[in-house]
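Taking it in order: structure first as structure tokens, then the write-up.
The values are calculated or read from the model by the stated rules, or taken from the named source; none is laboratory data. Remember, it's a predicted structure, so these values are computed and weren't measured experimentally. In this analysis, Cβ positions are derived from the backbone assuming ideal geometry, glycine residues included, and neighbour counts consider all displayed protein chains. These area figures cover heavy atoms from the full protein model, side chains too; ligands, DNA and RNA do not enter into them. Shrake-Rupley method; radii C 1.70, N 1.55, O 1.52, S 1.80 Å.
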Amino acid sequence: MPLDPAFIGRSYPPSQPYDVSREKIREFADAIGATSPAYRDAEAAKALGHRDVIAPPTFAIVVSMKTNETVMFDPELKLDYSRVVHGDQNFTHHRPITAGDQLVCVAHIDAITSRMGNDMVTVRTEISTIEGELVTTAKSMLVVRGEDA
């Protein structure tokens with residue numbers, strides 16, 4: 001069953017705050033093989049003008065994933081997750097994610113389109129500090145394969 005385009009423009013409630021720690025940043029940097037000292041050493045990060053260790057750019061997926069699940073498992077949307085393929089992901093960073101940040105996410109459905117029996121859902125997640133400073137905008141496009149795909 002095709003997804004209802006009436007969901008375009010829907011926003012979801014803010015997530016619980018995510019506490020960004022040096023350890024989580026280091027673990028993520030290790031996992032992806034990122035070698036910048038700014039990801040592990042506070043003094044190296046400060047020498048580059050940051051207040052503390054910064055996260056690799058793709059760390060934003062860690063912060064935004066739970067919020068995106070809110071969209072994917074919204075019972076009203078009726079998205080069959082067993083048929084989902086991740087089609088695209090990008091991040092617009094307004095500043096680096098930094099150790100000590102407390103971040104909240106708000107997800108928005110920006111588009112629902114159908115092509116060749118498949119639905120595409122574009123989800124924009126705004127990642128901000130608990131004080132309201134916009135840090136990163138994450139956009140993902142999910143492909144929901146049709147019954148014949």
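Here are a few things to note about the model shown:
- Residues of the range 57-80 that are in a helix (DSSP H, G or I), over 23 Å from Arg40 (Cα atoms) and open to solvent by less than 60 Å² (accessible area, probe 1.4 Å): Thr67, Asn68, Val71, Met72.
- Residue in the range 94-106 that is among the charged types (D, E, K, R) and under 25 Å from Glu147 (Cβ atoms) present: no
- Restricting the range 81-109 to residues that are in contact with a Lys or Arg (Cβ under 6 Å, 6 or more places away or on another chain) and closer than 13 Å to Leu3 by Cα leaves a set whose member that is least open to solvent (accessible area, probe 1.4 Å) is Ile109.
- Residue count for the range 34-56 satisfying the condition of being acidic (Asp, Glu) and either touching a Ser or Thr at 6+ places or on another chain (Cβ under 6 Å) or open to solvent by less than 80 Å² (accessible area, probe 1.4 Å) (or both): 2.
- Residue match in the range 11-21 (condition: closer than 30 Å to Asp119 by Cα, open to solvent by less than 70 Å² (accessible area, probe 1.4 Å), in contact with a His (Cβ under 8 Å, 6 or more places away or on another chain) and not basic (Lys, Arg)): yes
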